[in-house]
Structures are given as structure tokens and as C-alpha cells.
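Everything on this sheet refers to the single structure shown next.
The values are calculated or read from the model by the stated rules, or taken from the named source; none is laboratory data. Keep in mind that this is a model prediction, so the values were computed, not measured. We place every Cβ from the backbone using ideal geometry, glycine too, and count neighbours over all the protein chains shown. Accessible surface areas use protein heavy atoms only, side chains included; no ligands, DNA or RNA. Shrake-Rupley method; radii C 1.70, N 1.55, O 1.52, S 1.80 Å.
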Amino acid sequence: MATPNFEIFSKVERGPPDAVFGIVDQFNKATAAWKALPPDHPEAGPDHKPISLVVGAYRDENGKPWVLPTVRQIEKEMAESPALDHEYLKITGLPEFLPAAQKLMFGVKDETIASAQVLSGTGALYVGFSFLHKHLGCTTLMIPDPTWPNHPNVAAAAGISVTKYPYYDRKTNSVLFDQMYDAISKAETNTIILMHPCAHNPTGMDLTMDQWEKLASLFQSRAATSPLIPFFDCAYQGYASGDLELDAAAVRHFLALGLPIIVAQSFSKTMGLYGERCGCLHLKCTSKDIATNVTSQLSSFIRATYSNPPGHGARIATALLTDETKYKSWLNDLKTMTDRLKSMRTALREGIEKAQAELPEAPKERKWDHITTQRGMFSFTGLTPQECKYLSEKHHIFLTGNGRVSIAGLNPSNVERVSRAIVDAVIHAPKE
Ligand code: PMP
């Protein structure tokens with residue numbers, strides 16, 4: 001008998017680390033190394049403890065994950081409910097969740113919108129892109145430059161290629177609306193145009209309502225002859241302005257014009273349900289009948305990929321959205337989060353400006369006012385890749401290489417250290 005060959009996987013090459021979670025791994029390694037230091041080591045103290053400003057997940061003022069008190073309360077009630085079981089949900093999810101999620105996003109429940117509960121925002125993007133590829137023959141997705149680094153990965157997984165539209169000017173820290181508009185107006189027919197309706201990740205800079213209206217008119221004017229597909233990725237409703245309605249204004253404007261919008265709706269950040277994978281995909285159709293057809297195709301796709309979505313997060317979200325008292329209490333929780341983020345933005349800007357003024361060798365022309373102009377979970381600081389590398393190597397402060405800081409990782413105990421380290425990086429990191 002020939003020697004058996006069990007090395008069927010030996011030709012598999014190692015894949016690249018994820019742009020965000022790869023840095024989390026580096027942070028975790030640095031933390032383990034710091035914890036293992038002997039107490040008399042010069043870097044053993046809290047001033048050298050690694051700090052993560054990487055992932056967009058809310059942290060409380062002690063740097064700890066925060067279960068929203070309203071969510072905690074609902075979970076307690078669920079734990080005591082004899083009616084609750086662990087049966088499969090329907091393929092398109094918890095039926096009562098879908099109209100509640102629609103109401104939150106669109107301000108109304110609408111039977112001409114095909115909706116399915118999916119694996120949070122990422123799952124909504126994947127199911128949405130796959131649907132558009134298969135049923136509308138879409139082959140290209142246009143994303144803002146810059147955007148969430150996972151957008152191209154999800155598109156590739158759905159068989160869709162990616163192009164970019166200009167979005168942000170690093171020199172002036174502002175949105176390049178005219179260039180964005182121009183690029184979208186020249187996009188080929190049937191291109192999916194991905195837009196962040198609020199709290200743009202990573203820049204924290206959104207379009208004004210006036211600009212959204214101009215963009216919507218562009219989609220309208222192309223609809224007759226060379227339609228584009230407007231796709232909103234809404235992962236931060238409530239985080240930009242602190243107001244759920246205002247943050248949905250762009251989506252609702254497109255809807256009011258009757259545009260065939262698609263929305264990926266995530267509950268990860270707004271309800272702190274990150275690991276529960278709670279989200280919805282919505283597609284606005286022109287009739288109830290068409291919406292039923294679209295839902296049936298979403299169902300077939302979901303059944304073939306992961307069968308049906310998880311129940312826990314959707315039950316929490318439904319309780320929270322459909323009970324008036326719980327809804328009000330959630331608004332309070334949201335306010336707690338957005339107020340803390342706002343105060344940390346101010347503290348970071350002031351901390352950097354103070355350190356810059358105090359250190360004679362700091363370049364005074366570097367400006368930081370954009371930190372407080374930007375909104376949402378992140379600040380796009382303008383730090384260069386070299387400065388980011390310097391921050392992790394010299395100060396054990398981790399952020400993504402594009403200079404994006406998760407404001408949620410800041411708290412009163414670390415913001416001064418981070419501010420001073422940033423100014424040190426500006427002075428001493430190698431120049432581009
Ligand atoms: N879109 C954007 C812009 C995001 O920032 C995120 C989360 N970082 C997502 C989608 C997806 O998040 P989730 O799958 O956890 O809902």
C-alpha cells in the first residue's frame with residue numbers, strides 16, 4: 001500500500017491579518033507581556049499598561065465593556081420567563097422584530113419594504129450584496145475613500161468588485177462633496193453606491209442635509225435611464241447627533257422620494273449587542289407583492305448559508321423597541337454613551353493642545369480642532385502610519401494604522417497619557 005498522504009491542507013497559504021482585529025491581537029500580546037513583567041521592572045506600573053483605541057465598541061469610564069442597564073433589565077426578565085425556549089427562529093428572523101426595526105430606521109412600518117433579520121451589519125451587507133449580485137446582476141460596489149476596512153472583504157465574498165469615490169480631505173479635514181458627487185454621477189449603471197448615513201467610519205464627518213438632498217436628486221435623475229443602487233450602511237444610528245431621528249434623516253429623505261434604497265441596520269453599537277449579531281436588511285420595493293418576492297429570495301439565500309439568525313439579541317431589541325418605558329430608558333442609556341464620548345473628544349483635543357503648547361519642540365502648526373468637529377465613535381486624528389507605529393511601539397497605545405482612534409477607549413484615567421503620547425509621536429516619529 002502506498003504511504004498515505006494526510007497533508008491535504010499543506011499548500012494553504014497564510015491569510016493576511018484583519019485590519020482591525022489584527023491590531024487587537026497585537027494589543028492582547030502586549031497586555032500579556034506587560035502583566036508578566038516583574039514588579040520592579042521600570043515599565044511594570046500603570047503608566048505603561050497597554051491602551052487599546054482600536055475597536056469601535058463602547059467602554060465605560062473605567063475602560064470596561066458596558067451592558068446597557070435597559071438591556072440588563074430585559075435579560076433578567078427573559079431569564080425568568082417560562083415561555084422562552086431555544087427553538088429555531090424563522091429563516092427571516094423574529095417576526096415582531098422586523099416592523100419594530102423598520103419603525104426605528106424609517107419612522108414607519110412599511111409592507112413595501114422587504115426586511116430580514118440577519119447577522120448584524122456585516123451580515124446585512126453580505127446578504128444584500130449577494131442578493132444584488134444574483135438578482136440584479138450588480139458587479140461593482142462604490143465605497144467612500146476611506147471607509148470601514150471590511151467593506152471590500154464583504155464585497156469580494158459576495159463576488160462583487162470595488163471602486164472608490166473621494167470622500168475626505170486629510171489636509172482640510174473636510175468632506176469632498178463635489179468630488180464625491182462627480183464620481184458617483186459618472187458611475188456605471190447598476191453600480192451599488194455605499195453610503196454611511198451618519199457617524200461615518202473612520203472619519204466622523206457626515207454630509208449636511210443639503211448635500212444629502214443633492215445626492216438624492218442625482219439618484220432620482222439617473223433612475224429613468226441609468227439607475228444606481230443606493231445602499232446605506234447604518235451602524236451608528238444615535239451616535240452622531242445623539243438623536244435617533246436626526247441620524248436617520250438621510251435614509252428617510254431617500255425613502256420619501258421613493259428611491260429603491262437598501263439599508264444594512266446594525267444594533268451592535270446602539271444597543272451594545274455586539275456579539276449577539278443582531279441586525280436587519282431592508283429593501284424598499286414598489287409594492288407589497290414585490291416585497292414578498294424579494295423576501296422569499298432572501299429566505300432562500302439565508303437558508304442555504306446559515307439557516308436562520310440567533311434569537312437572543314433580537315428578543316432584547318424587540319422588547320426595547322416595543323415597550324414605551326423600556327424605549328425611554330434606552331434613550332437614557334444612549335445619552336450616557338454619547339455624552340461620555342463627547343466629553344472624551346473634548347478632553348483629547350484639549351489634552352493634545354495643552355501638551356503641544358507645553359513642549360517647546362512640538363510643531364505648533366499641527367491643528368486638532370477636527371477632533372471635536374467629528375462625530376460618532378471615532379476620531380480620524382490625522383496621525384500618519386509612522387506616528388501610529390511609534391505610539392504602539394514606544395507608548396503601548398494601539399490604534400489602526402490610518403490614524404483612527406476609537407474615542408470609546410478613552411477615559412479620565414488615560415486621556416492625558418494618550419494626549420501626551422500623541423504629541424511625542426508627532427515630534428519623534430519618523431517623517432513620511
Ligand atoms: N459598517 C460599519 C461602517 C461599521 O463600522 C461596522 C462595525 N464596525 C459594521 C458595518 C458592522 O458591524 P456589525 O457587524 O457588528 O453590526
Query raised in the report: If you go through region 372-410 one residue at a time, how many are closer than 23 Å to Met337 by Cβ and touching a Lys or Arg at 6+ places or on another chain (Cβ under 7 Å)?
Result: 8
Query raised in the report: Out of region 217-253, which residues are over 21 Å from the mean Cα position of the chain (by Cα) and either within 17 Å of Leu283 (Cβ to Cβ) or open to solvent by 20 Å² or more (accessible area, probe 1.4 Å) (or both)?
Result: Ser217, Phe219, Gln220, Ser221, Arg222, Ala223, Ala224, Thr225, Ser226, Pro227, Leu228, His253
Query raised in the report: Somewhere in region 55-66, is a residue part of a loop (DSSP other than H, G, I, E, B), open to solvent by less than 30 Å² (accessible area, probe 1.4 Å) and away from the ligand (no atom under 16 Å from the Cβ)?
Result: yes
Report task. Identify all residues within region 316-342 that are open to solvent by less than 60 Å² (accessible area, probe 1.4 Å) and within 22 Å of the chain's Cα centre (by Cα); write none if there are none. Result -> Ile316, Ala317, Thr318, Leu320, Leu321, Trp330, Asp333, Leu334, Met337, Thr338, Arg340, Leu341
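Of the residues Ala248, Ala223, Ala291, only one is in the same structural domain as Leu94 (by TED's automatic domain parsing), within 16 Å of the ligand (Cβ to nearest atom) and aliphatic (A, V, I, L, M); which? Break it down into steps so the answer makes sense when it comes.
Details: Ala223 fails: within 16 Å of the ligand (Cβ to nearest atom); Ala291 fails: within 16 Å of the ligand (Cβ to nearest atom).
Sole residue among the options that is in the same structural domain as Leu94 (by TED's automatic domain parsing), within 16 Å of the ligand (Cβ to nearest atom) and aliphatic (A, V, I, L, M): Ala248.
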**Report entry** Residue in region 270-287 that is open to solvent by less than 20 Å² (accessible area, probe 1.4 Å), within 30 Å of Leu331 (Cα to Cα), in contact (Cβ under 8 Å) with a residue 24 or more places away in the chain and more than 16 Å from the ligand (Cβ to nearest atom) present
**Finding:** yes
**Report entry** Inter-residue pairs, beta-carbon under 9 Å, first farther than 12 Å from Met271 by Cβ and in region 68-88, second basic (Lys, Arg) and at pLDDT 95 or above, 6+ apart
**Finding:** Gln73/Lys326; Met78/Arg315; Leu84/Arg315
Query raised in the report: Just to be sure, is Leu94 assigned by TED's automatic domain parsing to the domain that holds Gln237 and touching a Gly at 6+ places or on another chain (Cβ under 8 Å)?
Result: yes
Report summary line: Flagged in region 370-393 as hydrophobic (A, V, I, L, M, F, W, C) and over 19 Å from the mean Cα position of the chain (by Cα), in numbering order, are Leu383, Cys388, Leu391
Query raised in the report: Applying the selection to region 364-390, what residues are assigned to a loop (DSSP other than H, G, I, E, B) and buried (at least 20 other Cβ atoms within 10 Å of the Cβ)?
Result: Trp368, Gln374, Arg375, Gly376, Met377, Thr381, Leu383
Report summary line: Checked region 397-432 for anything in a loop (DSSP other than H, G, I, E, B), of a type outside the set (S, T, N, Q) and touching a strand residue (DSSP E or B) at 6+ places or on another chain (Cβ under 7 Å); matches are Leu399, Gly403
Report task. Write out, first by first residue and then by second, each pair whose Cβ atoms fall under 7 Å of each other, whose residues are 6+ apart or on separate chains, and whose first residue, in region 145-166, is over 22 Å from Glu188 (Cβ atoms) while the second is in a helix (DSSP H, G or I). Result -> Asn150/Thr122
Report task. For region 99-212, please list each of the strands (runs of 3 or more DSSP E) lying entirely inside it that holds at least 2 residues being open to solvent by 40 Å² or more (accessible area, probe 1.4 Å). Result -> 161-166
**Report entry** Options Glu416, Glu432, Glu393, Glu361: the member that is open to solvent by 70 Å² or more (accessible area, probe 1.4 Å) and either without any contact (Cβ under 8 Å) to a residue 12 or more places away in the chain or β-branched (Val, Ile, Thr) (or both)
**Finding:** Glu393
**Report entry** Residue count for region 37-54, restricted to those that are within 13 Å of Val415 (Cα to Cα) and not in a loop (DSSP other than H, G, I, E, B)
**Finding:** 3
Report task. Please verify whether region 110-128 includes one or more residues that are over 30 Å from Ser161 (Cα atoms) and not hydroxyl-bearing (Ser, Thr, Tyr). Result -> yes
Requested in this report: Sort out which residues of region 114-131 are away from the ligand (no atom under 12 Å from the Cβ) and within 22 Å of Gly238 (Cα to Cα), and write them in order of number.
Outcome: Ser115, Ala116, Gln117
